[in-house]
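Participant: Encoded as structure tokens, here's the structure I'll be asking about.
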Amino acid sequence: MTTTATTTPPPTMTLSYPNPSLSSMDGEDHPRASPASISSSMTVTNTAEQLEFEEEKLSEPPSKRPVMRQVLLTLVICLGLMFSCLDTSIVSTSLYRIAGDFQNTRDISWIILSYLLTYMSFAVGFSKLSDIYGRKAIMLAAWLLFTLGSIWCGWAGSMTQLIAGRAVQGVGGSGLYSLAQVCLVEQGPARPEVVGGLVGITLSVSFVLGPVMGGGISDGWWWRGVFWVNIPVGVLAMVGILTLWPWERMAFGRREEEYQHQGAKMGGFWHKIARVDFIGNTLLALASILLVFALQEAGRYVWRWDSPVIIWSLAISVVSFVLFGVWEWYLYRGGESGKVRIEGIFPVGLVKGRVYACVLVNTLLSGFVYIALVINIPERLQVAYFDSPLWAGVHLLPMLGCCAFGSFLGGLVSKKRDLTSHTLIIGSLVQVLGLGLTVGFDSRAGNKLPLGQLLGFTAVYGLGVGLSFASATIIAAVEARNEDLAAAQGAVAQARVFGGALGLAVGGILMNQRLKGELSGVLKGKGLEEVHKSLYGILRLGVDDRNRVVEVYVGGFGKMVWVFLGVAVVSAVVACGTWRGKGGEKTVVEVMEEHQVGRGGGGRKEREMELESASSVKSLMG
């Protein structure tokens, strides 16, 4: 539809999509026009051929893009997932070299703890920011923070500087971890078995490589190289994102559409800032960090449980969790009514549903056990079986390899039909079976299970973990609408890491209580204090003391796994809450393709409706 003024040629305007609000359609170099002048000065130039061209260019699914470009982009996304997980454990074999250089053993645990605390606290926030500013921009920001934190750590001149750098690194790592799982659904292959397998393999490789790679770099070069290796990888990843990432459409939700209809100008810098949930991010980070801090520090006897530091940390954490829940509910209700512009970081609407709520709790409980075991099993192998750090990592391969295979299998089962709730339940039950075999035979063997049996039973457990993790990731995608996908996946990612942090803290509490109770009469002073800190304290003891400590330690590990078995049973019961009978109406492949096309731009029909709507309004005003 074209209309022109009788005296002067009209300026030409091409509507972009999402189309600007009517209030911003007047030119910037002339006063606000009247309805009549708008009618006489607008020209809609989008023809049917242009629509078809734009549809092919902007919203084609990844399956129709050049294969090599998609493969490279998928590798870049997986690289972020791998290195964010890698740095949770890569320094574990270098701690005492670092402590020796800085002459500081008192704060050594904070090298890992500072990364872990920030790593688990910002996953949901990064995911929601990517809805507002775009996946590409926020992924770049996450890589930039991770790389700058690595530079900071590599050139740290004191323990305090190193701890601060690790905290910055953890913030970036949190974004890489959560966004990778969102972007693999949107930009990766629309095949659930491949997406699940990629996540499982990447996580497994990173958990194995962490301590092995850290020990190799520290022994063969310098502990600072553990951080320097991240710098070229980060630069390469950022270049890859800039050159390979396709055009993407902002994930405007129902709230933004309402503001557009009201004539609000969308997309401006200050409007985007106004949508960011700073309060929710702060409350969630504060609650998570203080809870894990209190459990870790009191559990290692750095502070007494009745000390003001621990009491206040726990109290503020509880209050922050309550305020976070109230605040997110307020944003959710206000968003539905159109009265609140802030985008809540937590998917309250999804959590109201039974299936997604059960997935979130199941993921937290599964992460509680899995991440704690990935850290503690190599420790047991070194203490009880006298493995080197390298062989401890190698002996973890059966469990992690089965985890990767389970992730692939979990996606493959639901390729033709949505059976994700079935695989989640089966995976949770297999975890119970693997842990049950481990603790059962461990008790019969006098707390020293033969190595082959231990590796076999943990492999069974790893298969269940892979099935569960893949199913949880896919269910989150199936349950979420396009605008909720990032928040849904971010919440699942944060629940997994937060659960793992809690599992590590609780496991440390159980172990240290047993060590203190049974070794107080054997070890005194600094010897007992070193044992509380880490296994390195055990390895520096005399032969007689070491054998006694190893005996107590192995028994304590068995008791810890009994507790983890109880958690796994609860997780399996919760998984049953996701049961959906015969499965969803759509296949998982169809749902993932919808997410991919939805992120790339609206369909042709949607665009034609937008043009028709704009033309109708223009004619009414004329």
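Participant: Among residues belonging to segment 543-584 that are modelled with pLDDT under 85 and among the charged types (D, E, K, R), point out the one that is farthest from L419 (Cα to Cα).
Facilitator: D544
Participant: (1) outside any loop (DSSP other than H, G, I, E, B); (2) buried (at least 24 other Cβ atoms within 10 Å of the Cβ): which one isn't true of S121, the others all being true?
Facilitator: S121 satisfies all of (1) outside any loop (DSSP other than H, G, I, E, B); (2) buried (at least 24 other Cβ atoms within 10 Å of the Cβ) except (1).
Participant: Of the residues that make up segment 370-387, is at least one free of Cβ contacts under 8 Å to residues at least 12 places away in the same chain and either surrounded by fewer than 22 Cβ atoms within 10 Å (Cβ to Cβ) or under 19 Å from L437 (Cα atoms) (or both)?
Facilitator: yes
Participant: Sticking with this one: Hey, can you tell me all the residues within segment 460-515 that are among the basic types (K, R) and within 15 Å of V199 (Cα to Cα)?
Facilitator: Selection gives R496 alone.
Participant: Related question: Of (1) assigned by TED's automatic domain parsing to the domain that holds V561; (2) over 25 Å from I509 (Cβ atoms), L323 satisfies all except one. Which?
Facilitator: Unmet condition: (1).
Participant: Can you tell me which of I316, I371 is of a type in the set (V, I, T) and in contact with a Phe, Trp or Tyr (Cβ under 9 Å, 6 or more places away or on another chain)?
Facilitator: Just one listed residue meets the conditions, I371.
Participant: I need a count of the residues in segment 147-175 that are under 10 Å from F227 (Cα atoms), surrounded by 21 or more Cβ atoms within 10 Å (Cβ to Cβ) and either touching a Pro at 6+ places or on another chain (Cβ under 6 Å) or of a type in the set (A, V, I, L, M, F, W, C) (or both).
Facilitator: Count: 1.
Participant: Looking at segment 79-88, can you tell me whether even one residue there is modelled with pLDDT under 85 and outside any helix (DSSP H, G or I)?
Facilitator: There is no residue in segment 79-88 that is modelled with pLDDT under 85 and outside any helix (DSSP H, G or I).
Participant: With respect to the numbered conditions (1) within 20 Å of A487 (Cβ to Cβ); (2) of a type outside the set (A, V, I, L, M, F, W, C); (3) surrounded by fewer than 24 Cβ atoms within 10 Å (Cβ to Cβ), which one is the sole condition not fulfilled by Q181?
Facilitator: Single failed check for Q181: (3).
Participant: Tally up the residues in segment 328-344 that are at pLDDT 85 or above and under 22 Å from the mean Cα position of the chain (by Cα), please.
Facilitator: Within segment 328-344, residues that are at pLDDT 85 or above and under 22 Å from the mean Cα position of the chain (by Cα) number 1.
Participant: Would you please list the contacts, defined by Cβ atoms under 7 Å and residues six or more apart or on different chains, that run from a residue in segment 488-502 that is without any contact (Cβ under 8 Å) to a residue 60 or more places away in the chain to a residue that is surrounded by 24 or more Cβ atoms within 10 Å (Cβ to Cβ)?
Facilitator: From residues that are without any contact (Cβ under 8 Å) to a residue 60 or more places away in the chain, there are no pairs.
Participant: Could you figure out which of (1) under 29 Å from F346 (Cα atoms); (2) in contact (Cβ under 8 Å) with a residue 40 or more places away in the chain isn't true of I90?
Facilitator: Of (1) under 29 Å from F346 (Cα atoms); (2) in contact (Cβ under 8 Å) with a residue 40 or more places away in the chain, only one is false for I90: (1).
Participant: Go through segment 132-245 and tell me which helices (runs of 4 or more DSSP H), entirely inside it, have 2 or more residues that are of a type in the set (D, E, K, R) and more than 16 Å from the chain's Cα centre (by Cα).
Facilitator: Result: 192-220.
The values are calculated or read from the model by the stated rules, or taken from the named source; none is laboratory data. In this text the structure is predicted, and so the values were computed from the model without any measurement. Glycine gets a Cβ as well: all are built from the backbone with ideal geometry, and neighbour counts include every protein chain shown.
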